[in-house]
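To start, the structure itself, in structure tokens.
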Amino acid sequence: MVDVLFSVPSSNQHHTLIIEEFEPDVFRQLIEYIHTGCVTLQPRTLLGVMNAADYYGLDELRRACAGFVQCCINVDTVCALLASAERYIQYKCTKSLVQKVLEFVDEHGNEVLNLGSFTLLPQHVVRLILARDELRADEFTKFQAALMWSKKYCDSNPNIVLKDVIGNFLDYIQFHKIPANVLMREIHPLGIVPYSIIMNALAYQADPNSVDPGKLSPSRVRRSGGRSMSVQSSLDPCGSNTTLSSSASSDAISSDKPSSN
């Protein structure tokens with residue numbers, strides 16, 4: 001929200017106009033462009049500036065932002081772009097850009113999941129990424145990313161139990177694809193993954209026919225026949241309370257509150 005102060009010459013009075021659609025830094029850059037004809041684009045505010053330009057009919061600025069996107073998406077900026085997307089997901093420019101960002105994440109999965117900035121993403125965005133069938137990341141890296149995010153969350157919320165937080169991500173990790181020695185040496189001793197999940201993974205590795213596939217990857221079984229995770233509004237497309245969510249209605253992700261298993 002932005003408070004804009006302006007004067008009425010005839011009355012010499014000041015009035016405040018509240019701009020709720022865009023963040024102060026974004027609106028400041030927009031005003032800079034209107035006054036000077038130029039502005040320095042940054043990944044952190046790119047989505048806001050692009051949508052503000054579209055909203056106020058500044059087509060040249062919008063096109064400049066769209067062009068900047070092509071060289072802006074990289075390992076160092078993807079998390080910042082996804083984090084800012086939540087604020088502007090109801091705008092059409094955001095949806096097309098976020099889809100490109102998610103495709104980049106798919107291609108560079110292991111690198112992105114190991115970023116420290118990954119822990120700053122909202123929980124439902126983390127789940128969206130981990131659940132994507134197109135994500136090119138090994139399952140142990142996905143587990144480590146979920147663990148890193150959960151520890152960060154617990155650091156900020158000391159009354160929350162780590163096991164409860166990471167439980168929100170376990171359905172998106174295929175533990176049977178993690179080597180047995182890693183399961184027993186790196187994961188089991190942590191005491192945060194239910195013993196039944198580890199036993200099912202080990203049993204599958206010994207005899208794939210001995211385990212119901214639904215017990216290995218519950219979320220994938222629920223989504224069978226549906227499309228993979230993508231970008232859409234979870235509520236009215238013109239509303240302001242929208243999120244990054246699944247294209248399958250049963251997998252809509254819109255809450256950042258951890259739930260106990």
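The values are calculated or read from the model by the stated rules, or taken from the named source; none is laboratory data. The structure displayed is predicted, hence computed values, not measured ones. Reconstructed Cβ throughout: ideal geometry from the backbone, glycine too, with neighbour counts over all protein chains shown.
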* Asked: over 21 Å from Tyr91 (Cα atoms) and modelled with pLDDT of 90 or more - does that describe any residue in the stretch 49-59?
  -> no
* Take the residues in the stretch 97-122 that are surrounded by 22 or more Cβ atoms within 10 Å (Cβ to Cβ) and in contact (Cβ under 8 Å) with a residue 60 or more places away in the chain, then tell me which one is farthest from Trp149 (Cα to Cα). => Val98
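Is it true that some residue in the stretch 198-216 is assigned to a helix (DSSP H, G or I), exposed (fewer than 13 other Cβ atoms within 10 Å of the Cβ) and within 28 Å of the chain's Cα centre (by Cα)?
Within the stretch 198-216, one or more residues are assigned to a helix (DSSP H, G or I), exposed (fewer than 13 other Cβ atoms within 10 Å of the Cβ) and within 28 Å of the chain's Cα centre (by Cα).
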* **Residues located in the stretch 56-99, provided they are more than 25 Å from Gln123 (Cβ to Cβ) and basic (Lys, Arg)** => Arg62, Arg63, Lys92
* To do: Mind counting the residues in the stretch 164-189 that are outside any loop (DSSP other than H, G, I, E, B) and in contact with a Lys or Arg (Cβ under 9 Å, 6 or more places away or on another chain)?
  => 4
* Check the stretch 147-163 and report whether any residue there is surrounded by fewer than 18 Cβ atoms within 10 Å (Cβ to Cβ), touching a Lys or Arg at 6+ places or on another chain (Cβ under 9 Å) and assigned to a helix (DSSP H, G or I). => yes
* the stretch 124-152 residues that are without any contact (Cβ under 8 Å) to a residue 60 or more places away in the chain, paired with ones that are of a type in the set (Gly, Ala, Ser) and crowded, with 20+ Cβ neighbours inside 10 Å (beta carbon under 7 Å, 6 or more apart) -> Leu130/Ala146; Leu135/Gly109; Arg136/Gly109; Ala137/Gly109
* Asked: Among Gln144, Gln99, Gln90, Gln70, which is closer than 24 Å to Phe169 by Cβ, modelled with pLDDT under 95 and polar (S, T, N, Q)?
  -> Gln99
